[in-house]
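K.L.:
Dropping a structure here in structure tokens format, bear with me for questions.
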Amino acid sequence: MRNLPEKQPVTISVLPFEVNSARPPCAPRRVADSVARFAILSPTAILGYGFPEDSFARGLACNPDLIAVDAGSTDPGPYYLGSGKSFTDARAVRRDLALLLQAAVGRGIPLVIGSAGGAGAGPHLEWTVAIVRELARELRLAFRLGIVRADVPAATVLEGLRNGRLSALSGAPPLDADTVAASGHIVAQMGVEPIQEALSLGCDVVVAGRAYDPAVFAALPMMRGFDPGLALHLGKILECAAIAASPGSGSDCALGILEADRFILQPLSGERVFTPTSVAAHTLYEKSNPCVLPGPGGDLDLRAVRFDALGEGCVAVSGSRFTPSPRYCLKLEGARRVGYRSVAIAGVRDPVMIEGIESILQQVRERVRALLPPGESDQGLCFHVYGRDAVMGEREPLRRQPAHELGIVIDAVAASVAAADTLCSLTRSTLLHFGYPGRIATAGNLAFPFSPSDLRAGEVYEFCIYHLLEADPLGLFPVEVHEVRA
Amino acid sequence: MTRLSDIARVVRSKNTSPFTYALDIMFRDAADYRTFKERDMVDAALISRLYGLDESEVLDIIYFDPALAIKICLPREVSSGAPGDRDVYGAQQHAPLLLWEFELPA
């Protein structure tokens, strides 16, 4: 348990949810010409989540020095990294990219896209680059394209394992050579350096593989001499676009303006404002420690941060500091396939069955175990009982509270598609006709919403690498430069 | 008796990594936040009771003044999206906090 010291007083001068709808949307802020400033337009929280064209136009009217967007996350789970597929929709990504490419290339504004394709491994990057090339042809756009890969060869991970340069992050399982070999795609979150390399090679558009979210926003302003702490903190907020505003939105634009000793967040829609509390709240989001945020090459220290309201829905942030770490570490992510899934969904309305559900499911599991072909097990069988404890499991305080209706998902994971089908089918049929004690509804125990009742859900993955690797900031991230011609 | 829904602006949960999630409580009023912080009202014993965990499983509890917020870090039982997981984003693990009843000084 920690109670961090207050380094200096913090001002929260505006209370939450004060929305001034009469405010003209995005009056470009006037900053004295002598003040160095760098404006970044973040169109949307994730490439493919969409954004209103009028918000984007207001952002462009503010003359941004950079358009940057994060395309990825580990949030949707290990499947996307492991399988090489995107969690965003190709047509939605295409729509967003068309607007971004036209605006950026047409006006000579650098465009940086990070964690391409969601998980940022080779297949995700290629998927994104293919869409970029297709759009360039259709829209007759010519530009210099930088492609930065983030795939880590298994040999590099094994070497790190051998020479002690690899360490597990909180909760990650121990790593061995077999696990490394089983991980289909291993990526490292790049820092600002590889993106800066691509930009210094004159790239107009940079499509990067897995990247530390703030890096795509901070790379260019840091090259121009802006403070890394402010640039990275601004990147941390802009990577979610308007999520940090009030009301928040993952599919609206936001503008960030870096100055010498602070940055300003500016909304681009009349529907929302930034407030000191909305921005401070976002600083907590998805972070285990809001005071010190570790990243590639150092920590973002927010203990002395201040959030000040400027009016017109804008907030100024100052006091964010970057502290370089003695060793440059990169975060690695890897997922391995653990089997295939088949599921069946059914409802239970019978009160006698609901009363005895825990014991009934245990007995069904035992029957199924006895029916499975030799060598196959029920280990990958899981019952998600909605209405009891499907969301929280053992941590559900109300799991004994009586329900009038339960939803059961039979979740069967096994080593092959056929074995998953068998496990699911036998469990479904056994549960359907199981003669539990006190049963008076002898026709069938389950209400199926669908026919077929059993559905194949494909490959199942798990995160197996979530480790820090001490490495060179540039060595793992080769930069390719391509001339895209109209 | 008071509940968090009476005085908090945000009570939420979310993955902080594939192996951990965090519960965030953000107060509307600085005075309520200060009361919680000074009295250490959210501690490992409380989280252990609400979530049926060992106190030693509570990874961290951090008070963050700039957001009038308390962050509680917990380990996942199963890593995000692995077989047996129940909440891939970890976005629905906050509800027990809303059941908690406590007394605030008059």
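K.L.:
Failed condition for B:PRO66, given (1) at the interface with chain A (Cβ under 7 Å from one of its Cβ atoms); (2) surrounded by fewer than 22 Cβ atoms within 10 Å (Cβ to Cβ), with all others met?
P.N.:
(2)
K.L.:
OK, next. Kindly provide the set of residues from region A:206-231 that are assigned to a loop (DSSP other than H, G, I, E, B), small (Gly, Ala, Ser) and surrounded by fewer than 24 Cβ atoms within 10 Å (Cβ to Cβ), ordered by number.
P.N.:
Once the filter is applied, which keeps residues that are assigned to a loop (DSSP other than H, G, I, E, B), small (Gly, Ala, Ser) and surrounded by fewer than 24 Cβ atoms within 10 Å (Cβ to Cβ), region A:206-231 yields only A:GLY225.
K.L.:
With respect to A:ASP252, is the statement that it is of a type in the set (Asp, Glu) and either within 14 Å of another protein chain (Cβ to nearest Cβ) or under 19 Å from A:ALA218 (Cα atoms) (or both) true?
P.N.:
Spelling it out, it is not the case that A:ASP252 is of a type in the set (Asp, Glu) and either within 14 Å of another protein chain (Cβ to nearest Cβ) or under 19 Å from A:ALA218 (Cα atoms) (or both).
K.L.:
Tell me yes or no: at least one residue of region A:333-356 is on the phi > 0 side of the Ramachandran plot and outside the structural domain of A:ILE257 (by TED's automatic domain parsing).
P.N.:
Yes, the conditions are met somewhere in region A:333-356.
K.L.:
Which one of these does A:ASP308 not meet: (1) more than 14 Å from chain B (Cβ to nearest Cβ); (2) more than 28 Å from B:CYS73 (Cβ to Cβ); (3) surrounded by fewer than 24 Cβ atoms within 10 Å (Cβ to Cβ)?
P.N.:
(1)
K.L.:
Now a separate question. Give, as residue ranges, the strands (runs of 3 or more DSSP E) completely inside region A:363-472 that count at least 1 residues that are touching a His at 6+ places or on another chain (Cβ under 8 Å) and surrounded by 13 or more Cβ atoms within 10 Å (Cβ to Cβ).
P.N.:
Filter on region A:363-472 gives A:406-414.
K.L.:
Quick one: which residue in B:ASP60, B:ASP40, B:ASP54, B:ASP29 is facing chain A (nearest Cβ under 7 Å) and either free of Cβ contacts under 8 Å to residues at least 40 places away in the same chain or more than 30 Å from A:VAL409 (Cα to Cα) (or both)?
P.N.:
B:ASP60
K.L.:
What's the number of the condition B:TYR89 fails, among (1) crowded, with 18+ Cβ neighbours inside 10 Å; (2) facing another protein chain (nearest Cβ under 7 Å); (3) at pLDDT 95 or above?
P.N.:
Of everything listed in (1) crowded, with 18+ Cβ neighbours inside 10 Å; (2) facing another protein chain (nearest Cβ under 7 Å); (3) at pLDDT 95 or above, B:TYR89 misses just condition (1).
Table: residues versus (1) crowded, with 20+ Cβ neighbours inside 10 Å; (2) in contact with a Pro (Cβ under 6 Å, 6 or more places away or on another chain); (3) among the polar types (S, T, N, Q); (4) modelled with pLDDT under 95.
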| residue | (1), (2), (3), (4) |
| --- | --- |
| A:GLN266 | yes, no, yes, no |
| A:VAL273 | yes, yes, no, no |
| A:SER278 | yes, no, yes, yes |
| A:ASP299 | no, no, no, no |
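K.L.:
Among the residues of region A:438-468, write down those that are within 14 Å of chain B (Cβ to nearest Cβ) and of a type outside the set (A, V, I, L, M).
P.N.:
Correct list: A:GLY458, A:GLU459, A:TYR461, A:GLU462, A:PHE463, A:CYS464, A:TYR466, A:HIS467.
K.L.:
Right, B:LEU104: modelled with pLDDT of 95 or more and more than 8 Å from every other protein chain (Cβ to nearest Cβ) or not?
P.N.:
Spelling it out, it is not the case that B:LEU104 is modelled with pLDDT of 95 or more and more than 8 Å from every other protein chain (Cβ to nearest Cβ).
K.L.:
Here is a follow-up. If you take the residues in region B:69-86 that are more than 21 Å from A:GLY82 (Cα to Cα) and more than 7 Å from every other protein chain (Cβ to nearest Cβ), which one is farthest from the chain's Cα centre (by Cα)?
P.N.:
In this case the residue turns out to be B:LEU74.
K.L.:
Between a residue in region A:282-293 that is without any contact (Cβ under 8 Å) to a residue 24 or more places away in the chain and any residue that is in a helix (DSSP H, G or I), which pairs come within a Cβ distance under 6 Å, given they are 6 or more apart or on different chains?
P.N.:
Partner pairs satisfying both residue conditions: A:LEU284/B:ALA67; A:PRO290/A:THR283; A:PRO290/A:LEU284.
K.L.:
Additional query: Out of curiosity, is A:VAL343 more than 10 Å from every other protein chain (Cβ to nearest Cβ) and either part of a helix (DSSP H, G or I) or crowded, with 17+ Cβ neighbours inside 10 Å (or both)?
P.N.:
Yes.
The values are calculated or read from the model by the stated rules, or taken from the named source; none is laboratory data. As the structure is a computational prediction, the values presented were derived from the model and not from experiment. Virtual Cβ from ideal backbone geometry, glycine too; neighbours counted across all protein chains shown.
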